[in-house]
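The next block holds one structure in the form of C-alpha cells; read it before the comments.
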Amino acid sequence: MRSKDILNNKPSAAVAAIPITIILLPVLYSIFTFAFAQEKKGTEQFLEMPDAVYTKCVRDTEYMRHNHWVLLRVVREDVVRYGKRGEISLKRCGECHTSREKFCKKCHDAVSMKPDCYGCHYYP
Amino acid sequence: MDRRDFFKIAGGTILAGTSGVYAIRRLTGSIPGSTVADSPLTGKKWGMVIDLSKCVEDCTACLDACRYENNVAFHQDERWDVHWIRKIRLESKIGTTSTEKSVILLCNHCEKPPCAQVCPVQATYKREDGIVVVDHHRCIGCRYCMIACPYNARYFNFKDKEDWSNTDRPKRSHGVAEACNLCAHRIDLGELPACVEACSNVGEGAIMVGDMNDSGSEVAKIIMAEAVKRLKEDLGTEPKVYYLGL
Ligand code: SF4
Ligand code: SF4
C-alpha cells in the first residue's frame with residue numbers, strides 16, 4: 001500500500017532541484033571564483049619585471065593573463081610550419097620577464113600546472 | 001515533475017552551459033591561425049649539393065658546427081648519439097681494386113618523404129619550400145619515421161642533452177625523433193645553414209645550398225651541368241641532396 005503511494009506521488013520540482021544543484025555546484029563555484037578573482041586582480045603580485053627591455057607587452061595584460069598560451073601556440077604553428085618568424089617569441093618574453101622562477105613559475109605553481117616549454121627552450 | 005520535464009531542464013542547462021563556454025571563448029578574443037596560402041615559403045625549393053672531391057677526409061668542421069648550432073645531443077657514446085649530419089666510409093670493390101671514400105650523410109629532404117607519409121600525428125612534414133621538418137611539439141616518439149626513412153637519417157633522442165650549447169636555439173627533450181632541418185631557422189632569415197658556413201670557413205666549400213627553382217643559383221647550375229648523383233634514386237623518394245663525385 002505504502003509503496004504504491006510513493007509511486008503515485010510525483011516528485012516536486014524542489015526535490016528534482018537538489019540533485020541538479022549538487023551536480024552544478026562545482027561549475028557554479030568556478031564561475032563565481034573566476035569573476036571574483038578578476039575583481040581582485042590577485043595575479044598582480046606575481047609579476048616582477050626588474051629589467052624590462054620593452055615598455056609594452058605584445059598584447060594587453062588582461063589578454064596575456066588568460067590567453068598567453070593561445071598566443072604562444074599560434075606563434076609556434078606560424079614559425080614551425082609556415083616559416084613566419086615574427087617579433088613574438090618565448091625569447092622576447094624573457095627580455096622583460098627575465099626570470100622563470102619569478103614569473104612563469106609563480107602562477108603555474110599556484111594552479112599546479114607544469115608547462116613543458118623549458119625542456120627544450122632556453123629561458124633563464 | 002515527470003521524467004520528460006527532468007530531461008528537458010537538464011538538456012537545456014547543458015546547452016546553456018556549453019554555449020556559455022563558447023561565448024566566453026569568443027569574448028576573450030581569438031587570433032587567426034596561419035594558412036598555407038599566406039606562407040612566405042611558397043615558390044622555393046631548397047636543395048643541397050655536396051662535392052665529395054673537395055671534402056677533406058679527417059675534417060669535422062660541418063659536424064661540429066651542426067652540433068653546436070642545433071644543440072644536437074652528442075654524448076660521444078654511440079648508444080645515445082644523435083647525428084643530424086655524419087660522415088661514413090664507403091668501400092667499393094671492383095675486381096681486385098678497392099677504393100675507399102668518406103661520404104657526408106644527412107637527411108635528404110626528399111621531395112616525396114616516406115617519413116612524412118607514415119607519421120601518425122603529422123609531426124614530420126614537408127614545408128612549402130621543400131624542407132622536411134619535425135615539429136617536436138607534436139612528435140609522440142613512435143619512431144615510425146626512423147623505420148620508413150631509407151637513408152637512416154633519423155635518430156631518436158634517448159637521452160637529453162644536459163645544457164644548451166647555443167641558447168638561441170631549442171634542444172630536444174627525451175622521446176622525440178630528430179633529423180637535419182636544413183637549418184630552417186637560418187634559411188628563413190636569409191642565412192646559410194651552419195654546415196655550409198663552416199665548410200666555407202675552413203676554405204673547402206664542399207657543401208652548397210640554394211634554391212633549385214631559381215635557375216641562376218649555384219646549386220641549380222651544378223645540377224643542370226654536372227654529373228650529379230643522388231642516393232637510392234630507384235626508391236622514388238626524390239632526394240634533394242645531390243652528390244658530386246660519389
Ligand atoms: S632522408 Fe629520410 S628523414 Fe629525410 S626526408 Fe627523406 S625519408 Fe625523411
Ligand atoms: S617518431 Fe615523431 S616524427 Fe617520427 S613518425 Fe613518430 S610522431 Fe612522427
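Here, each number is a calculation from the coordinates, and none is a lab measurement. Just so you know, these numbers come straight off a predicted model, no measurement behind them. Cβ atoms come from the backbone with ideal geometry, glycine included; neighbour counts cover every protein chain shown.
In table form, for the structure just shown:
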{"quantity": "Pairs of alpha carbons in the stretch A:70-117 whose separation is greater than 12 Å (percent)", "calculated": "68"}
{"quantity": "Over the stretch B:50-180, equivalent-ellipsoid semi-axes from the Cα gyration tensor in Å", "calculated": "27, 19, 14"}
{"quantity": "Residues B:Ile187, A:Ile88, B:Ile88, sorted so that the one with the fewest Cβ neighbours within 10 Å comes first", "calculated": "B:Ile88, A:Ile88, B:Ile187"}
{"quantity": "R0 of 35 Å, Cβ-Cβ distance B:Arg79-A:Asp109: FRET efficiency to nearest 0.05", "calculated": "0.45"}
{"quantity": "Under the span-like rule (Cα at least 27 Å along the axis, Kyte-Doolittle mean at least -0.5), DSSP H helices of chain B", "calculated": "B:3-27"}
{"quantity": "Neighbour-count order for A:Val27, A:Val80, A:Val111, fewest beta carbons within 10 angstrom listed first", "calculated": "A:Val111, A:Val27, A:Val80"}
{"quantity": "The protein assembly as shown, dipole about Cα centre (Lys/Arg Cβ +1, Asp/Glu Cβ -1), debye to the nearest 20", "calculated": "1700"}
{"quantity": "Whole-number D in µm²/s for the protein assembly as shown (Stokes-Einstein; Kirkwood sum over Cα pairs; 10 °C, 1.306 mPa s)", "calculated": "64"}
{"quantity": "Positive-end residue of B:His109, B:Thr237, A:Cys93, charge dipole of the protein assembly as shown with Cβ unit charges", "calculated": "A:Cys93"}
{"quantity": "Given charges at beta-carbon only (K, R positive; D, E negative), |dipole| of chain B in Debye", "calculated": "1060"}
{"quantity": "Helix-derived mean residue ellipticity, 222 nm - over the protein assembly as shown, DSSP H n ≥ 4, -39500 (n - 2.57), to 500", "calculated": "-11500 deg cm²/dmol"}
{"quantity": "Efficiency of FRET from Cβ geometry, B:Thr13 and B:Ser173, R₀ 45 Å, rounded to 0.05", "calculated": "0.60"}
{"quantity": "log₁₀ of I(q)/I(0) at q = 0.07, 0.13, 0.16 Å⁻¹ - chain B, Debye sum with one point per alpha carbon", "calculated": "-0.33, -0.86, -1.25"}
{"quantity": "Cross-link pairs B:Lys159/B:Lys229; B:Lys101/B:Lys232; B:Lys54/B:Lys126; B:Lys44/B:Lys229; B:Lys161/B:Lys240 - those with Cα-Cα distance over 27 Å", "calculated": "B:Lys159/B:Lys229; B:Lys54/B:Lys126; B:Lys161/B:Lys240"}
{"quantity": "Most fluctuating residue given options B:Ala73, B:Ala153, B:Ala227, as computed from a GNM of chain B linking Cα atoms under 10 Å", "calculated": "B:Ala227"}
